[in-house]
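Colleague: Sharing a structure here in C-alpha coordinates format.
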Amino acid sequence: MEKKTVTVRNLSLGDGTPKICVPVTARSLSELEEQVLKLQNAPADMAELRADYYNGDPIEELEKMRAYMPDMPLLFTFRTGEEGGERSISPEAYAELNHRAAVSGAADLIDLEINRGESFFERLCGKLQKEGVSVIASFHDFHRTPDQAELIRLLSRMQELGADMTKAAVMPRTERDVLTLLSAGTAMKEQYADRPYILMSMGRMGGVSRLCGSLTGSAVTFATAGAASAPGQMDAELVSRVLSVL
(Lines give C-alpha, C1' and ligand atoms only; values in the text may rest on other atoms or scores of the structure.)
Protein backbone atom coordinates (compact mmCIF):
# COMPACT_ATOMS: atom_id res chain seq x y z
CA MET A 1 0.00 0.00 0.00
CA GLU A 2 1.28 3.45 -0.92
CA LYS A 3 2.01 5.43 2.25
CA LYS A 4 2.11 9.19 2.53
CA THR A 5 4.58 11.01 4.75
CA VAL A 6 4.03 13.89 7.18
CA THR A 7 6.40 16.85 6.95
CA VAL A 8 6.85 19.30 9.83
CA ARG A 9 9.47 22.05 9.65
CA ASN A 10 11.35 20.16 6.92
CA LEU A 11 11.38 16.92 8.95
CA SER A 12 9.85 14.00 7.07
CA LEU A 13 8.03 11.41 9.19
CA GLY A 14 7.28 8.02 7.69
CA ASP A 15 10.06 8.00 5.10
CA GLY A 16 11.60 4.77 6.41
CA THR A 17 14.06 6.40 8.81
CA PRO A 18 12.91 6.45 12.47
CA LYS A 19 13.16 9.92 14.01
CA ILE A 20 14.17 10.53 17.62
CA CYS A 21 11.70 12.50 19.74
CA VAL A 22 12.81 13.68 23.19
CA PRO A 23 10.08 14.45 25.77
CA VAL A 24 10.15 17.48 28.07
CA THR A 25 8.48 16.87 31.44
CA ALA A 26 9.06 20.20 33.22
CA ARG A 27 6.85 21.22 36.13
CA SER A 28 8.00 24.87 36.11
CA LEU A 29 9.57 27.39 33.73
CA SER A 30 12.94 26.99 35.43
CA GLU A 31 12.79 23.22 34.88
CA LEU A 32 11.72 23.86 31.29
CA GLU A 33 14.84 25.92 30.64
CA GLU A 34 17.06 23.20 32.15
CA GLN A 35 15.45 20.40 30.15
CA VAL A 36 15.48 22.34 26.88
CA LEU A 37 19.22 22.95 27.29
CA LYS A 38 19.79 19.19 27.65
CA LEU A 39 17.55 18.52 24.67
CA GLN A 40 19.42 20.98 22.49
CA ASN A 41 22.62 19.06 23.19
CA ALA A 42 21.04 15.68 22.38
CA PRO A 43 20.66 14.02 18.95
CA ALA A 44 16.95 14.86 18.77
CA ASP A 45 14.98 15.27 15.54
CA MET A 46 11.90 16.58 17.35
CA ALA A 47 10.64 17.35 20.85
CA GLU A 48 7.50 16.44 22.77
CA LEU A 49 6.11 18.79 25.39
CA ARG A 50 4.34 16.69 28.02
CA ALA A 51 2.04 19.45 29.18
CA ASP A 52 0.36 17.30 31.84
CA TYR A 53 3.48 17.66 34.02
CA TYR A 54 3.36 21.46 34.11
CA ASN A 55 2.05 23.24 37.21
CA GLY A 56 0.67 26.25 35.35
CA ASP A 57 -0.96 27.17 32.05
CA PRO A 58 0.35 24.62 29.51
CA ILE A 59 0.02 27.13 26.66
CA GLU A 60 2.37 29.49 28.46
CA GLU A 61 4.84 26.61 28.65
CA LEU A 62 4.31 25.71 24.98
CA GLU A 63 4.95 29.26 23.79
CA LYS A 64 8.04 29.52 25.98
CA MET A 65 9.40 26.27 24.58
CA ARG A 66 8.81 27.49 21.03
CA ALA A 67 10.75 30.65 21.83
CA TYR A 68 13.66 28.55 23.09
CA MET A 69 13.53 26.26 20.05
CA PRO A 70 12.17 28.19 17.06
CA ASP A 71 13.14 25.59 14.44
CA MET A 72 12.57 22.28 16.25
CA PRO A 73 9.46 20.27 15.28
CA LEU A 74 7.31 20.27 18.41
CA LEU A 75 4.67 17.77 19.52
CA PHE A 76 2.17 18.97 22.15
CA THR A 77 0.84 16.20 24.41
CA PHE A 78 -1.45 16.37 27.40
CA ARG A 79 -1.44 12.73 28.51
CA THR A 80 -4.46 12.10 30.69
CA GLY A 81 -4.35 10.13 33.92
CA GLU A 82 -6.46 7.41 32.30
CA GLU A 83 -3.63 6.71 29.84
CA GLY A 84 -0.65 7.00 32.17
CA GLY A 85 -0.40 10.78 32.40
CA GLU A 86 0.06 13.02 35.42
CA ARG A 87 -3.51 14.23 35.84
CA SER A 88 -7.09 13.75 34.74
CA ILE A 89 -9.03 16.37 32.81
CA SER A 90 -12.63 16.67 31.65
CA PRO A 91 -13.37 16.07 27.96
CA GLU A 92 -14.41 19.73 27.57
CA ALA A 93 -11.20 21.04 29.13
CA TYR A 94 -9.13 18.55 27.10
CA ALA A 95 -10.69 19.76 23.85
CA GLU A 96 -10.28 23.42 24.79
CA LEU A 97 -6.64 22.99 25.79
CA ASN A 98 -5.66 21.19 22.61
CA HIS A 99 -7.50 23.76 20.49
CA ARG A 100 -5.62 26.56 22.27
CA ALA A 101 -2.37 24.75 21.50
CA ALA A 102 -3.29 24.57 17.81
CA VAL A 103 -4.38 28.21 17.62
CA SER A 104 -1.18 29.37 19.35
CA GLY A 105 0.87 28.43 16.29
CA ALA A 106 3.59 27.04 18.55
CA ALA A 107 2.81 23.33 18.07
CA ASP A 108 3.46 21.42 14.86
CA LEU A 109 1.78 18.21 15.97
CA ILE A 110 -0.78 17.43 18.67
CA ASP A 111 -1.36 14.05 20.32
CA LEU A 112 -5.03 13.10 20.77
CA GLU A 113 -6.11 10.01 22.67
CA ILE A 114 -8.49 7.78 20.75
CA ASN A 115 -9.99 6.46 23.98
CA ARG A 116 -11.73 9.78 24.61
CA GLY A 117 -14.32 8.38 22.17
CA GLU A 118 -14.39 8.06 18.39
CA SER A 119 -16.92 10.81 17.65
CA PHE A 120 -15.19 13.15 20.12
CA PHE A 121 -11.82 12.36 18.52
CA GLU A 122 -13.07 12.83 14.95
CA ARG A 123 -14.60 16.24 15.66
CA LEU A 124 -11.58 17.53 17.59
CA CYS A 125 -9.10 16.12 15.08
CA GLY A 126 -10.76 17.98 12.22
CA LYS A 127 -10.93 21.17 14.26
CA LEU A 128 -7.22 21.09 15.04
CA GLN A 129 -6.23 20.24 11.48
CA LYS A 130 -8.09 23.34 10.27
CA GLU A 131 -5.63 25.35 12.40
CA GLY A 132 -2.71 23.88 10.46
CA VAL A 133 -1.40 21.25 12.88
CA SER A 134 -0.95 17.53 12.26
CA VAL A 135 -2.71 15.13 14.62
CA ILE A 136 -1.28 11.93 16.08
CA ALA A 137 -4.01 9.56 17.27
CA SER A 138 -2.70 7.63 20.26
CA PHE A 139 -3.62 4.48 22.17
CA HIS A 140 -1.94 3.29 25.38
CA ASP A 141 -2.30 0.10 27.40
CA PHE A 142 -0.07 -0.09 30.48
CA HIS A 143 -1.39 -3.53 31.47
CA ARG A 144 -1.16 -5.78 28.44
CA THR A 145 -0.39 -6.21 24.76
CA PRO A 146 -3.43 -6.70 22.51
CA ASP A 147 -3.10 -9.46 19.94
CA GLN A 148 -1.85 -8.65 16.46
CA ALA A 149 -5.30 -8.47 14.89
CA GLU A 150 -6.50 -6.03 17.54
CA LEU A 151 -3.44 -3.81 17.15
CA ILE A 152 -3.93 -3.68 13.39
CA ARG A 153 -7.63 -2.94 13.85
CA LEU A 154 -6.85 -0.08 16.25
CA LEU A 155 -4.26 1.53 13.99
CA SER A 156 -6.41 1.10 10.89
CA ARG A 157 -9.43 2.61 12.65
CA MET A 158 -7.39 5.65 13.70
CA GLN A 159 -6.48 6.13 10.04
CA GLU A 160 -10.15 5.98 9.08
CA LEU A 161 -10.99 8.64 11.67
CA GLY A 162 -8.67 11.11 9.94
CA ALA A 163 -5.48 11.23 12.04
CA ASP A 164 -2.33 12.28 10.18
CA MET A 165 -0.34 9.69 12.15
CA THR A 166 -1.26 6.82 14.48
CA LYS A 167 0.42 5.54 17.64
CA ALA A 168 0.07 2.50 19.92
CA ALA A 169 2.15 1.97 23.07
CA VAL A 170 1.51 -1.26 24.97
CA MET A 171 2.97 -3.21 27.88
CA PRO A 172 4.41 -6.69 27.38
CA ARG A 173 3.91 -9.43 29.94
CA THR A 174 6.00 -11.97 28.05
CA GLU A 175 8.70 -11.95 25.39
CA ARG A 176 6.12 -13.21 22.91
CA ASP A 177 4.13 -10.00 23.51
CA VAL A 178 7.08 -8.00 22.19
CA LEU A 179 7.17 -10.18 19.09
CA THR A 180 3.41 -9.61 18.65
CA LEU A 181 3.98 -5.85 18.62
CA LEU A 182 6.84 -6.14 16.12
CA SER A 183 4.83 -8.45 13.90
CA ALA A 184 1.89 -6.04 13.93
CA GLY A 185 4.25 -3.27 12.82
CA THR A 186 5.56 -5.35 9.93
CA ALA A 187 2.00 -6.16 8.85
CA MET A 188 1.08 -2.49 8.95
CA LYS A 189 4.13 -1.66 6.86
CA GLU A 190 3.39 -4.31 4.25
CA GLN A 191 -0.40 -4.24 4.04
CA TYR A 192 -2.42 -1.74 6.04
CA ALA A 193 -0.71 1.60 6.70
CA ASP A 194 -1.37 4.49 4.34
CA ARG A 195 0.26 7.07 6.65
CA PRO A 196 3.02 7.13 9.30
CA TYR A 197 2.54 5.17 12.50
CA ILE A 198 4.41 4.78 15.79
CA LEU A 199 4.60 1.50 17.70
CA MET A 200 6.34 0.67 20.94
CA SER A 201 6.44 -2.06 23.53
CA MET A 202 7.04 -0.38 26.88
CA GLY A 203 9.30 -1.33 29.79
CA ARG A 204 12.71 -2.95 29.79
CA MET A 205 11.44 -6.07 28.03
CA GLY A 206 10.13 -4.03 25.10
CA GLY A 207 13.29 -1.98 24.62
CA VAL A 208 14.12 -3.57 21.27
CA SER A 209 10.92 -2.10 19.80
CA ARG A 210 12.37 1.39 20.27
CA LEU A 211 15.38 0.55 18.13
CA CYS A 212 14.05 -1.34 15.11
CA GLY A 213 11.69 1.13 13.47
CA SER A 214 13.48 0.75 10.16
CA LEU A 215 12.39 -2.91 10.22
CA THR A 216 8.84 -2.51 11.53
CA GLY A 217 8.07 0.82 9.86
CA SER A 218 7.63 2.79 13.09
CA ALA A 219 8.27 6.42 12.20
CA VAL A 220 9.30 7.82 15.61
CA THR A 221 11.06 6.54 18.70
CA PHE A 222 10.95 8.35 22.03
CA ALA A 223 14.25 8.72 23.90
CA THR A 224 15.51 10.71 26.86
CA ALA A 225 17.81 13.63 27.49
CA GLY A 226 17.09 13.55 31.21
CA ALA A 227 13.83 12.32 32.75
CA ALA A 228 11.79 9.63 30.99
CA SER A 229 8.08 10.12 30.27
CA ALA A 230 7.25 6.43 29.83
CA PRO A 231 8.65 3.08 30.98
CA GLY A 232 11.57 1.80 28.93
CA GLN A 233 12.73 5.00 27.25
CA MET A 234 16.47 4.97 26.56
CA ASP A 235 19.08 7.70 26.39
CA ALA A 236 18.93 9.58 23.09
CA GLU A 237 22.69 9.30 22.52
CA LEU A 238 22.49 5.50 22.78
CA VAL A 239 19.42 5.30 20.56
CA SER A 240 21.07 7.49 17.92
CA ARG A 241 24.16 5.27 17.82
CA VAL A 242 22.12 2.07 17.53
CA LEU A 243 19.85 3.50 14.82
CA SER A 244 22.87 4.58 12.78
CA VAL A 245 24.29 1.08 12.99
CA LEU A 246 21.01 -0.64 12.11
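The values are calculated or read from the model by the stated rules, or taken from the named source; none is laboratory data. Since we're looking at a predicted model, the values are computed, not measured. Methodologically, a virtual Cβ is constructed for each residue, glycine included, from the backbone with ideal geometry; neighbour enumeration extends over all protein chains shown. Accessible surface is based on the protein model in full, side chains and every heavy atom, while ligands, DNA and RNA are left aside. Shrake-Rupley method; radii C 1.70, N 1.55, O 1.52, S 1.80 Å.
Colleague: Per residue, how much accessible surface does the chain expose to a 1.4 Å probe? Answer in Å², no decimals.
Modeller: Numbers: 10440 Å² over 246 residues.
Normalised by residue count, the accessible surface of the chain is 42 Å².
Colleague: Any of 38/189; 64/127; 3/167 with alpha carbons more than 22 Å apart? Name them for me. Spell out each step's value before the answer.
Modeller: Working: 38/189 33 Å; 64/127 24 Å; 3/167 15 Å.
Cα-Cα > 22 Å for 38/189; 64/127; rest within.
Colleague: I would also like to ask the following. So what is the calculated 222 nm ellipticity per residue for the chain, using -39500 (n - 2.57) for each DSSP H run with n of 4 or more, over all residues, to the nearest 500 deg cm²/dmol?
Modeller: Values: 8 runs with 89 residues, N = 246.
The per-residue figure over the chain is -11000 deg cm²/dmol.
Colleague: To the nearest 20 Debye, how big is the dipole of region 50-111 about its Cα centre, given +1 on the beta carbon of each Lys and Arg and -1 on that of each Asp and Glu?
Modeller: Numbers: 6 positive and 13 negative charges, 23 e Å.
That gives a dipole near 120 debye.
Colleague: Right, something else. List the residues whose amide H sits under 5 Å from the amide H of residue 80, counting only those 5 or more places along or on another chain, with H placed 1.01 Å from N in the peptide plane.
Modeller: 85
Colleague: Among (i) 12.8; (ii) 15.5; (iii) 11.5, find the value of mean projected area of the Cα convex hull in nm² that was calculated from the structure presented, and write down its label.
Modeller: Matching the structure shown: (iii).
Colleague: Please report the accessible area of residue 171 (heavy atoms, 1.4 Å probe, ligands and nucleic acids excluded) in Å², nearest 10.
Modeller: We get 40 Å² for residue 171.
Colleague: Let me ask something else about it. I'd like the Karplus ³J(HN,Hα) series for region 80-89: coefficients 6.51, -1.76, 1.60, θ = phi - 60°, whole numbers in Hz, and an x wherever there's a Gly or Pro.
Modeller: 6, x, 5, 10, x, x, 7, 7, 8, 7
Colleague: Provide the FRET efficiency to the nearest 0.05 for the residue 204-residue 96 pair, computing r from the beta carbons and using R0 = 41 Å. Present the calculation step by step, with values, prior to reporting the outcome.
Modeller: Numbers: r = 37 Å, r/R0 = 0.91.
According to the calculation, E is roughly 0.65.
Colleague: Let me ask something additional. Could you work out how far apart the two model spin labels at residue 55 and residue 131 are, taking each label as a point 7 Å from the Cα in the direction of the beta carbon, and quote it in nm?
Modeller: 2.6 nm
Colleague: Quick check: at a probe of 1.4 Å, how many percent of the accessible area of the chain sits on carbon and sulfur atoms?
Modeller: Looking at the chain in its full context, I get 48 percent from C and S.
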